[in-house]
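Let me begin by presenting the structure, written as structure tokens, before commenting on it.
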Amino acid sequence: MNYRIIPLDAHTWRIEEISQPCDAYMYLVEGTQRAYLIDTGYGRIDLPSVVGSLTRLPVEVINTHYHGDHVGGNPWFARAWLHEADLPYYDSVRQRLLSGGDALAELWKNEKTELLPITDGQVFDLGGRSLRVIHTPGHSAGCICLLDPDRRWLFGGDTCCRADVLLNIPGSTSAEVYGESIARLQALRSEFDVIWPGHHSVPVAPHVLDQFAEGVRRLLAGERGFVTETKRGPAGKLLYGDIGIIYPL
């Protein structure tokens, strides 16, 4: 599988794992003492070599949520962090990847990663740089964003891509709970200027939060949008501006 490395500054890189139907974005964030890799994509690229070409510091993983396109490469690393609300779903991803009968299954057969729980408000100290956890349940119950206060960046995972948010999959929350997460990010808008998402167009301007907020408001007010086919069967889809909300019927 192909990949691209895009420097965001001298100590931050976006690693794009190119795949169909959707590329997965990982972010390597370096301080003076350690580095964190935000998500590990599908797991089909040699992440130790990629990461090792960018930093010589010790690297741990922070997963923004449990889905296979964000934790697929976890077995490459000794330690990974995942919000405690997503821990019950992690094993289902492990079992699915183990059943693939391919190189990814072989990677997961040898998994020895220590999986540690993230809590809301937790701060990761990188040495001269920090990342603060913001719990944003919606796409999954354990979705998080990470605030880099010095650079005024928000690493958004799948919480607020400029695209559809999927609320129709195992472990996702209600639209009401997701709306509360968006409202929480809106309340923090004075602290970040740019959102770096897990997929789709980059970067994302913070005003996308207003579109998600209005989409949720319309959905909760009774607007239904239309029915669409997904991998998990029919679901509802409400469009607003640049975004969509896919919800269970």
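Would a scan of the range 151-160 turn up a residue that is open to solvent by 20 Å² or more (accessible area, probe 1.4 Å), modelled with pLDDT of 95 or more, out of contact with any Leu (no Cβ under 9 Å at 6 or more places or on another chain) and not in a strand (DSSP E or B)? Checked against the condition, which is being open to solvent by 20 Å² or more (accessible area, probe 1.4 Å), modelled with pLDDT of 95 or more, out of contact with any Leu (no Cβ under 9 Å at 6 or more places or on another chain) and not in a strand (DSSP E or B), the range 151-160 yields at least one hit.
Within the range 53-96, work out how many residues are assigned to a helix (DSSP H, G or I) and open to solvent by 50 Å² or more (accessible area, probe 1.4 Å).
So the answer is 10.
Give the range 35-52 a look and list any residue that's among the hydroxyl-bearing types (Ser, Thr, Tyr) and not in a strand (DSSP E or B), or say none. Selection gives Thr40, Tyr42, Ser49.
Yes/no matrix, rows are residues, columns are (1) at pLDDT below 95; (2) closer than 30 Å to Ser92 by Cβ:
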| position | (1), (2) |
| --- | --- |
| Pro170 | yes, yes |
| Ser181 | no, yes |
| Gln186 | no, no |
| Pro206 | no, no |
| Gly215 | no, yes |
| Ile243 | no, yes |
| Tyr247 | no, yes |
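Return a yes/no flag: does the range 22-42 have any residue that is open to solvent by 10 Å² or more (accessible area, probe 1.4 Å) and of a type in the set (A, V, I, L, M, F, W, C). Checked against the condition, which is being open to solvent by 10 Å² or more (accessible area, probe 1.4 Å) and of a type in the set (A, V, I, L, M, F, W, C), the range 22-42 yields at least one hit. The set of residues from the range 134-173 being closer than 16 Å to Asn63 by Cβ and in contact with an Asp or Glu (Cβ under 6 Å, 6 or more places away or on another chain) comprises His135, His139, Ser140, Gly142.
Note on the range 78-95: residues that are hydroxyl-bearing (Ser, Thr, Tyr) and more than 13 Å from Trp108 (Cα to Cα) amount to 1. Note on the range 97-119: among residues that are among the hydroxyl-bearing types (Ser, Thr, Tyr) and open to solvent by 50 Å² or more (accessible area, probe 1.4 Å), the one that is modelled with the lowest pLDDT is Ser99. Scanning the range 96-113 for residues that are without any contact (Cβ under 8 Å) to a residue 60 or more places away in the chain and in contact with a Phe, Trp or Tyr (Cβ under 9 Å, 6 or more places away or on another chain) yields a total of 4. How many residues does the range 165-224 contain that are assigned to a helix (DSSP H, G or I), surrounded by fewer than 16 Cβ atoms within 10 Å (Cβ to Cβ) and among the polar types (S, T, N, Q)? Within the range 165-224, residues that are assigned to a helix (DSSP H, G or I), surrounded by fewer than 16 Cβ atoms within 10 Å (Cβ to Cβ) and among the polar types (S, T, N, Q) number 2.
The values are calculated or read from the model by the stated rules, or taken from the named source; none is laboratory data. What you see is a predicted model, and the numbers here were worked out from it, not measured in a lab. Note: ideal-geometry Cβ built from the backbone for every residue, glycine included; neighbour counts use all protein chains shown. Just so you know, the surface numbers come from the protein's heavy atoms only, side chains and all, with ligands and any DNA or RNA stripped out. Shrake-Rupley method; radii C 1.70, N 1.55, O 1.52, S 1.80 Å.
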